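The block underneath contains the structure these notes are about, expressed in structure tokens.
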Amino acid sequence: MLTLILVFGVSLTTAQNDSDACFINQGETRPGGTFAYDAWMQQGQCVRAGSTSYEVCRNRLQNQLENFVDGLHQQEYSAAATVLALLPTIGAFVGTPSRELWPLLSIFPIAAVLVITISFGGDLSGSTLDDYRGVLEKKGMKCVDWSEERLPASLDEWQPNWWRNQRQGLHSFIFAAFGTRNDRVARQSKSDAKMSPFKFNMLIAGAIFFLLGLLAAALTGIGIVEQGAVYATWCTSTWWMHLWYLVVTGVAMFDQWIQTPFTKRWTVYITSQDGSDISFETSDPNEEDVPSSSVLRHLMGLDTPNAFRNTIRAGSYPEPAAEKSRVTKVSAANVQSHTIVLDISVKVDEGRTPAWITSLRLFSRAVSVTIYVFGTSIFAAVALLALPMSQMILILVMGAGVFSRALAAGLISLMREQGLGSVILVCTDSEIAADRLLVQALEFGSLDGDSGLTFEVDGQIWSEGKCVGRRSRWWRLILGILVQPAVVARSDYSTSRSITEGSGMVDVKTTS
């Protein structure tokens, strides 16, 4: 019995000593007083110091709150937790960045991804095609809905009128995009508004570093709060707020994907070197309108979307030896050029939305609501959080959201003014129709001989209806139109070799 009493007394003394060790003067709460940051940080770290057991940490926290936190600081900590509980509503405060996000995702993907990581749970995209049409047209871009244009009942039944109308419509949009850019460049040359490539690159690099700085500042603030404050229900954890950030960011990315009313099938980068004349050919109504290139005719003959995609990615196209290639080199351009982005997508029929898409959308909304409820509850249960620290993290997170949205809009405007930000979104009703539109796009300028146009799709470089080179797809997936476009150097027909199955393509190498 005496032994039990001694053990109990020693445990009480140890607990009291542990509690006494966390008695750190937090300073006086008065107007104009300075915030004792070091003392506040030491207090939170002391409660968790060396404790791998939840019970030990909880007892320390309870003793700290009952014995060593005065009434004024208790009131401050309660107010700070209330302020922090506003954090899950940050998306409503900042507003949706969808008006800037989607065009940026097509033009400059890495910047768009950074904006998504700083959204902190805000809605990112529209759910109807009209939302995207309004966004693009406001930015001087184009959105076309051809989902009601039906293909022939059988692909074997060739219908020239259908092909001709689709091709001429698509080519007119591409031609208009180049024409709009040329008009803008002409106006800039008169007003001396064209900036040098060095200044443009510095602005782009500065924007990326600024976005990274906003993200780093927000995450650093989150880490500081985790060290100094204690989540009462999960006392030993020092990453509870980072976990909330990772979950809301992941849900935002998932929601961005599942709510988009179309799925991308092909992204084509069409480049014209400055000084090249772009012509727009119209077909003779009495002429059988089929692709002029044997490579494109081969693609048209593929009977399934999977076969079409696999052929494009493999880069293996049969071509008769009689058709001589004039390509001698494909390299990265180091001259001024203009690139437009053609997104060919398959529209989701909202009247007949697949069950799996509907289920995932409901799941996304349910997860968003759940994260909001749990996030608010967790932040309201935080103890020992000083009011200045709560204000700091709220300002950092809101500031990151507001400035990232403004920077996204600024990047789109900058690229558009410099002739880099043209996007054409064309939506169809099936993958087969999207594949046919890709063939039509690759045929643009092919009837004009050496048009100076190059096309890049899935890392394959095309010119005059033929695939002439390849390079890694990752550069375009990361940097978008900022990647140096490919330049196709040609020789006379008499000195060039023919392209046979899978041959004739060269890797694109950057030239100094």
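The values are calculated or read from the model by the stated rules, or taken from the named source; none is laboratory data. Given the structure is predicted, the values throughout are model-derived calculations rather than measurements. All Cβ positions, even for glycine, are placed from backbone atoms using ideal geometry, and neighbour counts span all protein chains on display.
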(request) Six or more apart or on different chains, Cβ under 7 Å: which pairs go from a residue in region 167-181 that's touching a residue at least 60 places away in the same chain (Cβ under 8 Å) and assigned to a helix (DSSP H, G or I) to one that's among the aromatic types (F, W, Y) and crowded, with 16+ Cβ neighbours inside 10 Å? Could you list them? (result) H171/F444; I174/F444
(request) Collect the residues in region 128-154 that are outside any helix (DSSP H, G or I), farther than 21 Å from I258 by Cβ and at pLDDT 75 or above, keeping them in residue-number order. (result) M141, K142, V144, W146
(request) Examine region 382-400 for a residue that is over 27 Å from V225 (Cα atoms) and assigned to a helix (DSSP H, G or I), and state whether such a residue exists. (result) no
(request) Select from region 220-275 the residues that are surrounded by 15 or more Cβ atoms within 10 Å (Cβ to Cβ) and of a type in the set (D, E, K, R) and write down the one among them that is nearest to V369 (Cα to Cα). (result) D255
(request) Output the number of residues of region 344-368 satisfying the condition of being aliphatic (A, V, I, L, M) and loosely packed, with under 12 Cβ neighbours inside 10 Å. (result) 3
(request) Please name all residue pairs, on different chains or six or more residues apart, with Cβ atoms under 7 Å, provided the first residue is in region 230-259 and is at pLDDT 90 or above and the second residue is part of a helix (DSSP H, G or I) and aromatic (F, W, Y). (result) Y231/W240; W240/W234
(request) Could you list, in sequence order, all residues of region 50-66 that are surrounded by 14 or more Cβ atoms within 10 Å (Cβ to Cβ) and modelled with pLDDT under 85? (result) S51
(request) Could you list, in sequence order, all residues of region 387-415 that are under 18 Å from G206 (Cβ atoms) and buried (at least 19 other Cβ atoms within 10 Å of the Cβ)? (result) A400, S404, R405, L407, A408, L411, I412, M415
(request) Looking at (1) modelled with pLDDT under 80; (2) among the polar types (S, T, N, Q); (3) not in a strand (DSSP E or B), find the lone condition where S331 falls short. (result) (3)
